């Protein structure tokens, strides 16, 4: 994902990442939708993705679809800045056995076992298990970060093709892991701050079933249901999330120039959190219902040349009543080598439980003889955030070896959630400096993204990309106090550049490298950095490969992102590992 123009990716410590699209990057980035095989992994707790609890077997991935900007009509809620859609292969395409394992300085041990076979001539399956153990990071001062972690994961997938028109899929995963965390607990009685190091526990599982019927060459129906459970036990919280989802889509032609797609969906999150002084939610348990529907019309204005897509998604959720998310997109393809497009979309982010009912300690300190507690509070009256997004793009293939893609965007945000300082609250023995969450920010982001793929020869392929981003956030006029969250402008880099090279030295030896430049981040005082990774692969035999990988080769270590309140940041270190894979 580091190599996708428009995405901001940073490693906070050994087990935490900040990933976003077109700005607003934090560990809890809440404006991007991420899906694995049609299952949303967006959490309603704070909005965003728990990257430490989700993983796939990379060799089973068919493709990763990245959409920068709003998801338009077909995608779910909260896809206002971008979408990452990870699609794994049909079990029919992963027959036989696969073994992979290795060890290194940072990735101390990892391994994957996967086996696929067929139940009958029309039904196929695969099962897998995967484990990894990642070393602790290093603090900026040189001390141990205490953030090492290990996770076991297992799962299966079954695909049936009973007729030429029908395809059904059932898949599931389980995971169990321990995640190191070092931070500070606060109290308004002595001692007011207590450093800690502990192993947090994560476990969970999911099950998904999907049926697709092809009615004709340009018509089909898809029905999907899934269940997901996640359990986390951390220093400051004990959290359980159960998710239920059902979705139906139908696509069919209308007249000679229209393709209609419509759908309905229902999503239920049952979330429970037992908190502490440092963090809590009120109420402790809540059921969050989301009803959705959409209608889209793809209109061929000029056959095979000019196409207009219009429609809207309709949501009914816990933040407010009905919300409409209209979208329009015009695409002109004058020939097979060139495409020009433009789009306008309104999208929303549904409010999270954190927005509405959280109490968070930002720290406790002494000021003279007084004890001061900085605390942030959610507000039950918070509403959804919204964006009006305008995009243009051009894709061209000037030669058979070169593909260029250029996109520009302007996003106008309203009702952004941020914190504002309010009047002090006196308590017996201490004083609270309160910060209230409210829909009190607005602003704009704009930028450009360029990518190029060049096939230099049959053995050598190059990929490059550049991202420019500018954010301008400001109070909406109702906020008369300081807005701490405006510092989020400084958490997304203005400039990013990457270059990747894939070169086959011979039929058996591969040499790949990636170069990644990221601008400085004012928030957290993170300097710019240049990251260089390299891989040497040797096909020892027809089905056996040995590879040696070096990561962050230019630096002994460097920071990529600042830590949240109460956390200890660590830096990304230079690392090496060796990996052996075998197929049978």
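Structure data summary
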| read-out | value |
| --- | --- |
| Residues (surrounded by fewer than 17 Cβ atoms within 10 Å (Cβ to Cβ) and closer than 21 Å to residue 219 by Cβ) located in the range 158-174 | 161, 162, 163, 164, 165, 166, 168 |
| Residue within the range 188-209 that is crowded, with 16+ Cβ neighbours inside 10 Å and not in a strand (DSSP E or B) present | yes |
| Tally of residues being over 25 Å from residue 148 (Cβ atoms) and either in contact with a helix residue (DSSP H, G or I) (Cβ under 8 Å, 6 or more places away or on another chain) or in a strand (DSSP E or B) (or both) across the range 210-239 | 18 |
| Residues satisfying the stated conditions in the range 388-398, i.e. surrounded by 15 or more Cβ atoms within 10 Å (Cβ to Cβ) and part of a loop (DSSP other than H, G, I, E, B) | 397 |
| Count of residues meeting criterion [assigned to a loop (DSSP other than H, G, I, E, B) and without any contact (Cβ under 8 Å) to a residue 24 or more places away in the chain] in the range 345-377 | 2 |
| Test: residue in the range 83-96 that is under 28 Å from residue 180 (Cα atoms) and in contact with a strand residue (DSSP E or B) (Cβ under 7 Å, 6 or more places away or on another chain) | yes |
| Pick from the range 314-330, criterion surrounded by fewer than 15 Cβ atoms within 10 Å (Cβ to Cβ) and in a loop (DSSP other than H, G, I, E, B), ranking: farthest from the chain's Cα centre (by Cα) | 321 |
| Scope the range 399-414; condition within 30 Å of residue 457 (Cβ to Cβ) and surrounded by 14 or more Cβ atoms within 10 Å (Cβ to Cβ); matching residues | 402, 403, 404, 405, 406, 407 |
| Within the range 83-187, strands (runs of 3 or more DSSP E) holding 1 or more residues that are without any contact (Cβ under 8 Å) to a residue 60 or more places away in the chain and under 30 Å from residue 548 (Cβ atoms) | 107-120, 123-134, 149-160, 166-186 |
| Whichever residue in the range 516-531 is within 23 Å of residue 460 (Cα to Cα) and buried (at least 17 other Cβ atoms within 10 Å of the Cβ) and, among such residues, is nearest to the chain's Cα centre (by Cα) | 516 |
| Test: residue in the range 572-579 that is crowded, with 18+ Cβ neighbours inside 10 Å and closer than 20 Å to residue 26 by Cα | yes |
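So that you can scan it fast, the table gives a plain yes or no per residue for (1) part of a loop (DSSP other than H, G, I, E, B); (2) buried (at least 18 other Cβ atoms within 10 Å of the Cβ); (3) over 25 Å from the mean Cα position of the chain (by Cα):
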site	(1), (2), (3)
379	yes, no, yes
386	no, yes, no
419	no, yes, no
431	no, no, yes
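Matching residues to (1) modelled with pLDDT of 95 or more; (2) touching a strand residue (DSSP E or B) at 6+ places or on another chain (Cβ under 8 Å); (3) crowded, with 18+ Cβ neighbours inside 10 Å:
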residue: 332; (1), (2), (3): yes, yes, no
residue: 339; (1), (2), (3): yes, yes, no
residue: 343; (1), (2), (3): yes, yes, yes
residue: 351; (1), (2), (3): no, yes, yes
residue: 360; (1), (2), (3): no, yes, yes
residue: 366; (1), (2), (3): no, yes, no
residue: 369; (1), (2), (3): no, no, no
residue: 376; (1), (2), (3): no, yes, yes
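For (1) closer than 30 Å to residue 370 by Cβ; (2) without any contact (Cβ under 8 Å) to a residue 40 or more places away in the chain, each residue gets a yes or a no:
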{"position": "440", "(1), (2)": "yes, no"}
{"position": "446", "(1), (2)": "no, yes"}
{"position": "450", "(1), (2)": "no, no"}
{"position": "468", "(1), (2)": "no, yes"}
{"position": "471", "(1), (2)": "no, no"}
{"position": "496", "(1), (2)": "no, no"}
{"position": "510", "(1), (2)": "no, yes"}
{"position": "519", "(1), (2)": "no, yes"}
{"position": "522", "(1), (2)": "no, yes"}
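The values are calculated or read from the model by the stated rules, or taken from the named source; none is laboratory data. Bear in mind that the values here come from a model prediction, so they are computed numbers and not experimental data. Virtual Cβ from ideal backbone geometry, glycine too; neighbours counted across all protein chains shown.
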